[in-house]
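What follows is a set of notes on a single structure, which appears directly below.
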Amino acid sequence: MSARVPTVERPSGKTLVAVLAAVGASVGCAAAVVWHVAVAGSSDVASGIGTEYIRPNWFPASLYLAGAGLAIGLIAASFLVDSGLRIVQDRQRSRLQLFMLLIVIGAALGASSALAWTHWPPQRAELASEPLSGQVLSFWQRGTDITPPASDFGWTAYTAYLEGDQDRATFRPTIDHPWLVFPIGGVLIAALAALTLSLRDFRLTVLSDQDSV
């Protein structure tokens, strides 16, 4: 009676898919937050004139950005899994490869966000009419923002305030270099994910010929 040869379980690609999907969705959600708190650097607004920020509504714009990040992560994961890459729990392996992979993915996701920001950033423009400026001042005196009804798939909502009351306005950071800000943000999110995984002894590996049998 011949001895039974033990079979080695082939590492699954589900962990890698889940990680890249989570990183993609996280970068997309972070981009959605930026769309609501930041403004583009260029501005032609005259001093002393009211300012409006045309920005997307939280829904469905956040769903668009998170969904786009998720889709990019899943597409990247499908190619990487087909190439034999896997995430396994093995303390003996180096954690460098996992960091490098996720940082590259994070930078790519950030670059995609920068591309979107370049074409569809929250806009700054003069308020349309004097009555609206007076209405803004009235709302400011009551501590309320003006938010007209949204249209065009949620991409026309804005918050307005008078230039003289900027110190009372909500914090609005300015992004002058989106191709620097968004990739760095994507890298930081991806590096945090890699650090979390590496602390739990997860490492990146490539299937060998023996594993693929």
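The values are calculated or read from the model by the stated rules, or taken from the named source; none is laboratory data. Keep in mind that what you see is a predicted model, and the values were worked out from it rather than measured. Every residue, glycine among them, receives a Cβ derived from its backbone with ideal geometry; neighbour counts consider all protein chains shown. Side chains are part of the model used for accessible areas, which takes the heavy atoms of the whole protein and leaves out ligands, DNA and RNA. Shrake-Rupley method; radii C 1.70, N 1.55, O 1.52, S 1.80 Å.
Each row is one residue, and each column tells you yes or no for (1) at pLDDT 90 or above; (2) of a type in the set (Val, Ile, Thr); (3) more than 27 Å from the chain's Cα centre (by Cα); (4) under 29 Å from Val181 (Cα atoms).
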position: Met1; (1), (2), (3), (4): no, no, yes, no
position: Val8; (1), (2), (3), (4): no, yes, yes, no
position: Pro11; (1), (2), (3), (4): no, no, yes, no
position: Lys14; (1), (2), (3), (4): yes, no, no, no
position: Val17; (1), (2), (3), (4): yes, yes, no, yes
position: Val33; (1), (2), (3), (4): yes, yes, no, yes
position: Val37; (1), (2), (3), (4): no, yes, no, yes
position: Val45; (1), (2), (3), (4): no, yes, yes, yes
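Picking from Arg124, Arg86, which residue would you name as being open to solvent by less than 50 Å² (accessible area, probe 1.4 Å), basic (Lys, Arg) and either modelled with pLDDT of 75 or more or not in a loop (DSSP other than H, G, I, E, B) (or both)?
Going through Arg124, Arg86 in turn, the sole match is Arg86.
Pairs needed: first member in the range 15-26, touching a residue at least 12 places away in the same chain (Cβ under 8 Å) and over 15 Å from Leu80 (Cα atoms); second member anywhere, open to solvent by less than 50 Å² (accessible area, probe 1.4 Å) and charged (D, E, K, R); C-beta distance under 6 Å; at least 6 residues apart or different chains.
none
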